[in-house]
Amino acid sequence: MRLKVFACLLLFAACALSFFSSENYLSPGAMAADEKSETLYTALATDRAIAVTDLTSGITTGRIALEQTPNHLLLSPDGTTLFAACGEAEGKVYIIALPKGKVKASVPTGHTPSGMAMSPDGKRLYVANRFSNTISVIDLSKNRVTANLPVLREPRSVYVSPDGRTVAAANFLPVQAASAETVAAQITLIDAPDNAVRSHVALPNGAQSVTGMTGSPDGKYLYTVHLLSRYGMPITQLDRGWVNTNALSIIDLKNDSVYATVLLDDVDHGAANPAGICTAPDGGMLLIALSGTHELMFLDLNGLHEKLAGFFSGKLTDPYISGKEDLSASLTFAAPYKKRMALKGRSPRELLYAGGKVYVSSYFSPFVEAISVGDAHPEPLVLMLGDEPEPDAIRRGAFAFCDASICYQHWQSCASCHPEGRADGLNWDQQNDGLGNPKNTKSLLYSHVTPPCMITGIRESAELAVRNGMLHMLQTRQPETLAADMDAYLKHLSPVESPYLREYRQKDPQQKGRKLFEQAGCLQCHDGQYLTDRMRYDVATGDGNDEGRAFDTPSLRELWRTAPYLYDGRAETLQDVFMKYNSGDRHGMTRHLSRKELDALILYIKTL
């Protein structure tokens, strides 16, 4: 009955929305729904607001303005309070009284609070602080942080088990040196009663860009989606997931281990950039937003778990799968349990299950889609959130950068190796400088104003690199207008404030680190606005086929964010750069520095 009401009132919605016209793009993100009042709340990332939509009529009736960018939303069990994780360096959780939508308090957390989860008793709120690498624990009776728990790298989402005893944090990127035998992101598991990290569960080799996370209703399993990069293979083709595949990992929370990893891709059709994820209340179905291909995936969990149990017990066999490790290479194992549906929105990133429907928000579309999960052939119903300007070149370029539909067989997008224009932490063997000499992925921040490009400077400009990247990495030919839009987007990238800036101001008020930066000779190559002289030097770090090779001087801006270091990522930390791989002081005169002085120098570099 409600679907008919929706359809009848969509015309009236268009009239109502003229009131919510914005000069900004909306960029819908995280959602929260109050099933009792039939109200949907949607974070509008680039409009610094929350849209309020009446689910009975399908009309967006209100807007809650915020001081900072809303990164995540969570509703209290009684529906009287909305929590909004907002901002970057001065991140806060805003506590909003409903239904009036008034901010009644805010709690400072960490750098870029990006995900939240509540304890089952409603007493504690867990917040993933992406660039502080912590989980904040907020006591909701006092609205203050009682603990900051260390995790590994860029936690983007957090989950609390139904019994409240386990908190899980999804670390977005790997922390290992890129030359290590295994390079993979990990899931941090925390014992909630003790506020103590109990384990780090490593995902399969090549796992990166870990985004959505949810759990089974019985608390037995944790589900997370991520890329599974085949970085050990030279980039010569894309067929059958040669470069990037897209995966679901199932974590056994009883044994703190990966139970299984299966691929979401089809044999000749990638499921690029999985993002938001949620389970149906009965635990029988998993829903996954495929942000790169603009689709929603329905995954039959009951059928998948039954097949996995049969496989692990030996009752089922597969001639192409000899062991557990082979599951993550099979493009057919999970095929019978997957169904895809094309969405109207562009770049779906967040999902919410409520009232028998799944709600999908897409970053580049000013609406939310409502889909009845029980329908045999569901049709997305569009709930407009407001008006927004026509996309300019920067906006079009941002979308193209995340769009895997322009890639051959949709295996990957530019964001697959350069999330948010930065780096995936992996080494890749490209053909542009010969095979057998993999290089670490570079951040694209300031790439257009610091030519040449690539670690060896083999591309004379970023414009040339963008066009060759589409041709060779996506194996596609696109109009020049699309490449120009992508240039505009990359030129528009700006650095995120360093999470180490406050620490540096407290620990080094005399700016000894900056002075040591000058005394060590760093300014000879890393000077000017972008901290690079754009020249190439042999600093004695080349190895194998690259021994004696000169490398492009990188910008040091946002270096705190781009580990591992050196051209092949062999240095896990900046300490490793100077203490292990600075032969003859050719990479800065640091051999004479004490450990205290070296720490001061590195802390300063992390603020740049």
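Output ³J(HN,Hα) for segment 224-230: one whole-Hz value per residue in order, computed from phi by the Karplus curve 6.51 cos²θ - 1.76 cosθ + 1.60 with θ = phi - 60°, and x for Gly and Pro.
Those phi angles translate into 9, 10, 6, 7, 10, 8, 8 Hz.
Sequence-distant or interchain residues sharing an amide H contact under 5 Å with Thr61, placed H: which?
Placed amide hydrogens put Val52, Thr53, Asp54 under 5 Å from Thr61.
If I model a spin label at Asn468 and Arg240 as a point 7 Å from the Cα along the Cα→Cβ vector, what separation in nanometres do I get?
About 2.9 nm separates the two model spin labels.
With each label point set 7 Å from Cα along the Cα-Cβ vector, what nm distance links Glu503 and Lys104?
So the two model labels end up 3.6 nm from each other.
Measuring from a point 7 Å past the Cα of Ala550 along Cα-to-C-beta, which residues in segment 427-454 have an amide N at less than 13 Å?
452
Rank-order 74-85, 265-276, 315-326, 587-598 by packing density, defined as the average count of other C-beta atoms within 10 Å over each peptide's residues, highest first.
In descending order of packing, they fall as 265-276, 74-85, 587-598, 315-326.
Once the Cα atoms of helix 462-472 and of the chain are each reduced to a long axis, what angle between those two axes, in degrees from 0 to 90 to the nearest 10, is obtained?
60
Among 140-152, 364-376, 348-360, how do they line up by average Cβ neighbours within 10 Å per residue, starting with the highest?
348-360, 364-376, 140-152
How far apart, in nanometres, would the label points at Glu460 and Glu480 be if each is projected 7 angstrom from Cα along the Cα-to-Cβ direction?
1.7
Taking θ = phi - 60°, what integer Hz values does the Karplus form 6.51 cos²θ - 1.76 cosθ + 1.60 yield along segment 373-381, in sequence order, with x for Gly and Pro?
Ordered by residue, 3J(HN,Hα) equals 5, x, 6, 5, 10, x, 10, x, 9 Hz.
Amide H neighbours of Ala207 under 5 Å, counting only residues 5+ apart in sequence or on other chains, H built in-plane at 1.01 Å?
Ala185, Ser229
Non-local amide H neighbours of Trp428 (under 5 Å, H modeled in plane, Pro and chain starts lacking H): which ones?
The list, which skips near neighbours in sequence, is Lys439, Asn440, Thr441.
Where does helix 480-492 land angle-wise versus the long Cα axis of the chain, in degrees 0 to 90, nearest 10?
So the helix axis and the longest Cα principal axis differ by about 80 degrees.
Among 510-521, 461-472, how do they line up by average Cβ neighbours within 10 Å per residue, starting with the highest?
Highest to lowest by the protection proxy: 461-472, 510-521.
Once the Cβ-Cβ distance between Asn255 and Thr146 is put in as r, and R0 is 22 Å, what FRET efficiency do you end up with, to the nearest 0.05?
0.15
Mind grabbing the base-10 log of I(q)/I(0) for segment 16-163 at q = 0.10, 0.12, 0.13 Å⁻¹? Debye formula, identical points on the C-alpha positions, no solvent, two decimal places.
-0.32, -0.47, -0.54
Determine the dipole magnitude for segment 395-492: charges of +1 sit on the beta-carbon of Lys and Arg, -1 on that of Asp and Glu, nothing else is charged, the reference point is the Cα centre, and the result goes in debye to the nearest 20.
Result for segment 395-492 is approximately 100 debye, rounded to the nearest 20.
Just how many % of Cα pairs in the chain lie over 41 Å apart, if you round to the nearest whole percent?
I get 24 percent for the Cα pairs in the chain exceeding 41 Å.
Apply the Karplus parameterisation 6.51 cos²θ - 1.76 cosθ + 1.60, with θ equal to phi minus 60°, to every residue of segment 386-392 and state each ³J(HN,Hα) to the nearest whole Hz, in sequence, with x for glycine and proline.
Per-residue couplings from phi come out as x, 8, 8, x, 5, x, 8 Hz.
Just subtract the alpha-carbon distance of Glu420 and Leu316 from 0.36 nm times their residue separation and send over the number in nm, one decimal.
33.3 nm
Since every read-out is calculated from the coordinates, none of them should be taken as a lab result. These numbers come from a predicted model, not from an experiment. We place every Cβ from the backbone using ideal geometry, glycine too, and count neighbours over all the protein chains shown.
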